[in-house]
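For reference, the structure discussed in these notes is given below.
The values are calculated or read from the model by the stated rules, or taken from the named source; none is laboratory data. Here the structure is a predicted model, which is why all the values come from computation and not from measurement. Heads up, the Cβs are rebuilt from the backbone with ideal geometry, glycines too, and the neighbour counts pull from every protein chain shown. When the accessible area is computed, the model is the full protein with side chains, heavy atoms only, and any ligands, DNA or RNA have been set aside. Shrake-Rupley method; radii C 1.70, N 1.55, O 1.52, S 1.80 Å.
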Amino acid sequence: MKRLIICNTYSQLLLAVQLRLTLFKEDGLDLWLSDHPARANEVFERVKKLSLFSDVQFLETREEYCVQKIPPTLKSVLRSNFGPVKDLKIQKYDEIIFYNLYTRLYDMADYYRKIGHRAQWSMFEEGILSYETDFEATRRVTLTRNIRKLTGRPDVAKLVGRYYCVFPELKVSHREWEFVPVPRLTPEQEELKAVLNGIFDYTPAEIRQKYIFFASADDIDGLPYGETEMVLELAGEVGPENLLVKMHPRDTRRVYEEKGISVLRESFVPWEVLQLNGLPEGAVLATVNSGAFLSISAMDSQNERGVFLYPRVKNGGPAFRQRAEEIGSALERLHSLGLCENIRASADIE
């Protein structure tokens, strides 16, 4: 069995590593890592050196996601949907696993149909909050899907028949798919921790603060709801010496350091890696609406304590309220399974 996994984020890469170490341990497995995450080129080189995957390739697809201007978008869409099918230099994979739709997948589907090769098209999760966000796509793919309703060329989204996730019982939609359970990532997996620490060049560091807050980029992205002020209020409630703020990669402000609050700026290292390496006893994980610690906490036998503080926000817009509803629904489903029982939504950090 020859498989390919395509990763656009480090959360996806973590699951790809777990699949390699567990379900696909004996199979031929290639990995494509895109240039979307911070310092992706460094991570790509370290993944290659580990020889964990049969072949590793670096994809430069950021332009497709970032350049949304109409002329280049239309040119790409017309070429992809009406131009001659390209002869791609790729293997005949038995299965292709992905999360994000992008035009290269459609080129592959066209090529496979041209040469008469049938492949299993599959999706995998990107954390618990991704279970109902299937087929995240660019404008180019959205246009492509609409065009292919008329032209008859294959739509990759309609070819999917399998879904890999850690908690199949939490997946509500697409019950017609085959759900494949992925073994949990746990601190007891020493091989997994060693591989991930190597990939991200991470040396386990001691965290001394009791409260760890996961910040968003909303205040600097023009969608403020008062997160910065909230963090400063929390510091006053618990003591600045007891609070650690994990900064968003795009946030370079020093507003918290200036108030004596410690910050964690190694943000390109996924939080899952840090948590797998151990947290202080009694630590409390806090955020407004980030899903950073939810999935790994559901897998962690330590039953970490955590709080979503979105009930504390009074001026959130429609997108904020929708995100809050999604988190609340996910927490309900997790609690019904006896998972994350120490993680709640509350206006009070305690």
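Does Val160 satisfy being open to solvent by less than 60 Å² (accessible area, probe 1.4 Å), out of contact with any helix residue (DSSP H, G or I) (no Cβ under 8 Å at 6 or more places or on another chain) and β-branched (Val, Ile, Thr)? Judged against the criteria, Val160 is a match.
Only one of the numbered conditions (1) open to solvent by 10 Å² or more (accessible area, probe 1.4 Å); (2) farther than 18 Å from Val231 by Cβ is violated by Gly316, and that is (2). Here the condition is being at pLDDT below 95 and of a type in the set (A, V, I, L, M, F, W, C); of Val182, Val172, Val156, it holds for Val172 alone. Being at pLDDT 95 or above and within 13 Å of the chain's Cα centre (by Cα) is the filter here, so list the residues in region 11-32 that pass it. The answer is Gln12, Leu13, Leu14, Leu15, Ala16. Selection of region 102-150 for residues being within 20 Å of Met1 (Cβ to Cβ) and touching a Pro at 6+ places or on another chain (Cβ under 8 Å) yields only Ala109. The residues of region 273-287 that are over 26 Å from Pro311 (Cβ atoms) and open to solvent by 20 Å² or more (accessible area, probe 1.4 Å), listed by number, are Asn277, Gly278, Glu281. Filter region 303-313 down to residues that are part of a loop (DSSP other than H, G, I, E, B) and not acidic (Asp, Glu) and give me whichever is most open to solvent (accessible area, probe 1.4 Å). Ranking the candidates gives Asn303 first. So which of Arg333, Arg344 ends up being farther than 20 Å from Cys165 by Cα, touching a residue at least 12 places away in the same chain (Cβ under 8 Å) and more than 19 Å from the chain's Cα centre (by Cα)? Just one listed residue meets the conditions, Arg344.
Scanning region 319-350 for residues that are more than 21 Å from Glu169 (Cβ to Cβ), in a helix (DSSP H, G or I) and either open to solvent by less than 70 Å² (accessible area, probe 1.4 Å) or not basic (Lys, Arg) (or both) yields Ala319, Phe320, Gln322, Ala324.
Listed here are the residues, each with its yes/no results for (1) modelled with pLDDT under 95; (2) crowded, with 20+ Cβ neighbours inside 10 Å; (3) part of a strand (DSSP E or B); (4) of a type in the set (Lys, Arg).
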site	(1), (2), (3), (4)
His117	no, no, no, no
Trp121	no, yes, yes, no
Leu129	yes, no, no, no
Val141	yes, yes, no, no
Asn146	yes, no, no, no
Leu150	yes, no, no, no
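Among the numbered criteria (1) surrounded by fewer than 19 Cβ atoms within 10 Å (Cβ to Cβ); (2) free of Cβ contacts under 8 Å to residues at least 40 places away in the same chain; (3) out of contact with any Lys or Arg (no Cβ under 7 Å at 6 or more places or on another chain), which single criterion is violated by Glu169? So Glu169 meets the others, but not (2).
Checked across region 288-302, the condition of being open to solvent by 20 Å² or more (accessible area, probe 1.4 Å), free of Cβ contacts under 8 Å to residues at least 60 places away in the same chain and out of contact with any strand residue (DSSP E or B) (no Cβ under 9 Å at 6 or more places or on another chain) holds for no residue.
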